[in-house]
Structure formats: C-alpha cells, structure tokens
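Worksheet for the structure shown next.
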Amino acid sequence: MKTLSIIITVALLIMGCESTPINTKSDLEENTRELATSSLEFGANRSISDNSVNGETPLMLGSTSQAASLISTGNYLSCGIKVDGTAVCWGDNGYGQSNIPTELGTVKKISTLGSHTCAIKTDETAVCWGDNSFGQSNVPAELGKVRNISAGSHHTCAIKTDETAACWGDDSSGQSSVPAGLGKVSSISTRGSHTCAIKSDETAVCWGDDSSGQSSVPAGLGKVSSISAGNKHTCVIKRNGTVECWGSNISGQSKAPSDLGVVSSISTLKYHSCAIKSDSKAECWGADWASQSRVPSDLGTVSSISAGATHTCAVKTDGTTQCWGSNNAGESTIPEDLQKSKLIGSNHNTSAWLF
C-alpha cells in the first residue's frame, strides 16, 4: 500500500446488512452487493453515538499513515468531504451514487449505504442521488432544514432542525413510518429495513423490520447514550456505560463479552460488533473469518473504532489508525486525489459516516 501524507478530518460510523452468516471468501463474494450505512460530518465534534466520535486525531489506513480524526469502514465505495467543503465519492457507481451532483456545492454532512447517497449542504438543506427505485433519493419538498441524515438500504431518515425525525423511501417493513408521538430525537440510525433513534428522554426506540428481534427494544433497558443499528441486530451503550445488544446472534455479534465492562463507543455492522473499553483498548466480537474481530496485539489504546462488513479500523490515541480484517477491494486505500480531504469514510459497498 502506498504511503500518503495527507491531512483529513474523518467522521466514524458503520452499519450493515445481514441475512446469512459469512464464513468463507465465497460467501463474501456472494454477499458483496449487500449494503451497509455510514455518514460524515464536516468540521464538527460529536458525542459518541452510532459510531460517531469526538475530537481530532490522526489516521492510518492499513499501512498508510495519515492525519485524521474519525474513520468509517466498509467496502467498494467511499465518500468524503474535502477541506474546501466539497464532496467526493469513489468506487461502486452502479446507480450513480458516486456521481456528485454538479450543483451540490459545499456540504456539512454526507451519508451513504451503497446504492444511494445523501448530503446536508451548508445551507442545511438535504440532497440525495443514486438509486431511487423506492423514492429514497427524493427529498420531501416540505422537509426543510435538517441537522442529521442517514441513508438506509432503500430508505432515508433525517433529524430536522426542530429535532423531529422524518423518513422516506421504502416502507415495506414500516422502516420509514416514524412512530406517532416519537417527539424529539438526538440520534438516528438506519440499516437494512429497520431504524433506531434515541429520544429526548434518552430512551431508545426502533421500528421497521423485526424478523430477528432487532427492533424490539428490551423492556427495562433504561436510558442510553449511543445506539448503532446493524442489519439484523442493534447495540446500545447504556447510561452506566455497559453494552446491550439484541436481535440476530447468528455469528455471536449480539453477545457482548461478559468481561467487557464499561465502554465509550460502540460500532455494529453485519456479523460483528466492536467497542472501546474504559482503558481505551478495543474489543470486537462476532464473525472472525477474515480476522475482523481479531484486535491486533500491537494496536494499543484507541479513541474511535468502526466495524465494517468484514474489516475493522480504529483511530489510535497516538494519532495513527490501524485496520485489520479483509482488504479484498482495497477498502482501506485512500485515493491520491484526497490528499486535501477533510472528512472521509467508507461503508459496506459505499462509504461515509452516519449519525
């Protein structure tokens, strides 16, 4: 991998799709068109929620050492926000999802799942492009200004400036039907066919597909500080700092280690989950066929972590970033023309960062 010296500010998040466990390379090849979500915010410090992180620290992707603050992992397509505020995407373009609209201008946030991409412009209006087979790229005329946006598999959700949620696109599983009485939310996460949010009272709520129990918030869960919706499972950080997950556990992705303890960050995608412990060490669990859950012994302490479909990246406290797991599509390789990018992220088939 080519060494790059670039300064970028990156936002962290990942999510994923799931139907059957991936245990071999052939399984991966058969599942590469399944998608995951993430989104990127330009120049802002965020509380750790749904793979978002605070502050500014440097980045190293694979063997490439770079300065960055946040990172989002995945495969096949990536999107970033350059230092001049313009967006750039590369990789899979089967639906035009990496073709930045010529009239887009500068953006504050970007989110993509794989077949469509959405961004928040500096005037706080939303724009989406790419696949529109379910209307997921048709931003409602009445939406107005938004704070956050999350591109799901075939639907999109946003948090408006009044802190209420709005969703559009595929609603076959009710994933775009915002629950009546939801009220204000501080975080929203879309994956596959379900959506999760944190309400103003700090309780979690999910809606949409519940075929694996991923939308059934456990009774007595209590207040949460962070939520990350995988495709068929969901994980949260509770107010006491402990992790709780529910939904599919086909690869052990919903069974947090008994000795995990208090964590500061949580990231889920497809078949594995990762967290940062109170000692700033990373720990992952679930599928490990590509060593994506096998935290390198030399990793040290980390400030942020992002679980991709079959690989994982973390920003270390010394300012470098290290990735492990699969690299079949060069998912950790940043193009030369991004040397002046401010924010960058990657996702299962597409890349960006999600709140």
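Tabulated values for the structure
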read-out: Lone qualifier among Lys277, Lys270 - being closer than 23 Å to Ile110 by Cα and among the basic types (Lys, Arg); value: Lys270
read-out: Wholly enclosed strands (runs of 3 or more DSSP E) of the stretch 258-336 bearing at least 1 residues modelled with pLDDT of 90 or more and crowded, with 21+ Cβ neighbours inside 10 Å; value: 263-268, 272-277, 282-286
read-out: Unmet criterion (only one of (1) surrounded by fewer than 20 Cβ atoms within 10 Å (Cβ to Cβ); (2) modelled with pLDDT under 90; (3) more than 23 Å from Gly308 (Cβ to Cβ)) for Asp171; value: (2)
read-out: Selection within the stretch 146-187 - assigned to a loop (DSSP other than H, G, I, E, B) and among the aliphatic types (A, V, I, L, M); value: Val178, Ala180, Leu182
read-out: Selected residue (criterion: surrounded by the fewest Cβ atoms within 10 Å (Cβ to Cβ)) from residues of the stretch 131-151 that are within 19 Å of Ser187 (Cβ to Cβ) and either aliphatic (A, V, I, L, M) or in contact with a Cys (Cβ under 8 Å, 6 or more places away or on another chain) (or both); value: Leu143
read-out: Leading residue by the ranking (farthest from Val262 (Cα to Cα)) among those in the stretch 216-225 that are touching a residue at least 24 places away in the same chain (Cβ under 8 Å) and assigned to a loop (DSSP other than H, G, I, E, B); value: Ser216
read-out: Inter-residue pairs, beta-carbon under 8 Å, first farther than 15 Å from Gly230 by Cα and β-branched (Val, Ile, Thr) and in the stretch 252-266, second in a loop (DSSP other than H, G, I, E, B) and at pLDDT 95 or above, 6+ apart; value: Val262/Asn240; Val262/Gly241; Val262/Thr242; Val262/Ser278; Val263/Gly241; Val263/Thr242; Val263/Ser278
read-out: Candidates Thr195, Thr203 - the one that is surrounded by fewer than 18 Cβ atoms within 10 Å (Cβ to Cβ) and touching a residue at least 12 places away in the same chain (Cβ under 8 Å); value: Thr203
read-out: Residue identified as farther than 21 Å from Gly230 by Cα, in contact with a strand residue (DSSP E or B) (Cβ under 8 Å, 6 or more places away or on another chain) and free of Cβ contacts under 8 Å to residues at least 60 places away in the same chain among Cys128, Cys167, Cys157; value: Cys128
read-out: Condition check for Ile250: aliphatic (A, V, I, L, M) and either within 22 Å of Ser303 (Cα to Cα) or touching a helix residue (DSSP H, G or I) at 6+ places or on another chain (Cβ under 9 Å) (or both); value: no
read-out: Ser189 of a type in the set (Ser, Thr, Tyr) and over 20 Å from the mean Cα position of the chain (by Cα); value: no
read-out: Pairs where the first residue, in the stretch 133-144, is without any contact (Cβ under 8 Å) to a residue 40 or more places away in the chain and farther than 10 Å from Gly169 by Cβ and the second is among the polar types (S, T, N, Q) and surrounded by 14 or more Cβ atoms within 10 Å (Cβ to Cβ), C-beta under 9 Å, 6+ apart; value: Val139/Thr156
read-out: Check on Thr102, touching a Lys or Arg at 6+ places or on another chain (Cβ under 6 Å) and either at pLDDT 90 or above or not β-branched (Val, Ile, Thr) (or both); value: no
read-out: Selection within the stretch 226-256 - of a type outside the set (Ser, Thr, Tyr), more than 15 Å from Tyr271 (Cα to Cα) and part of a loop (DSSP other than H, G, I, E, B); value: Arg239, Asn240, Gly241
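The values are calculated or read from the model by the stated rules, or taken from the named source; none is laboratory data. Just so it is clear, the model here is predicted, and its values are computed rather than measured. Please note: Cβ atoms are built from the backbone with ideal geometry, for glycine as well, and neighbour counts cover all protein chains shown.
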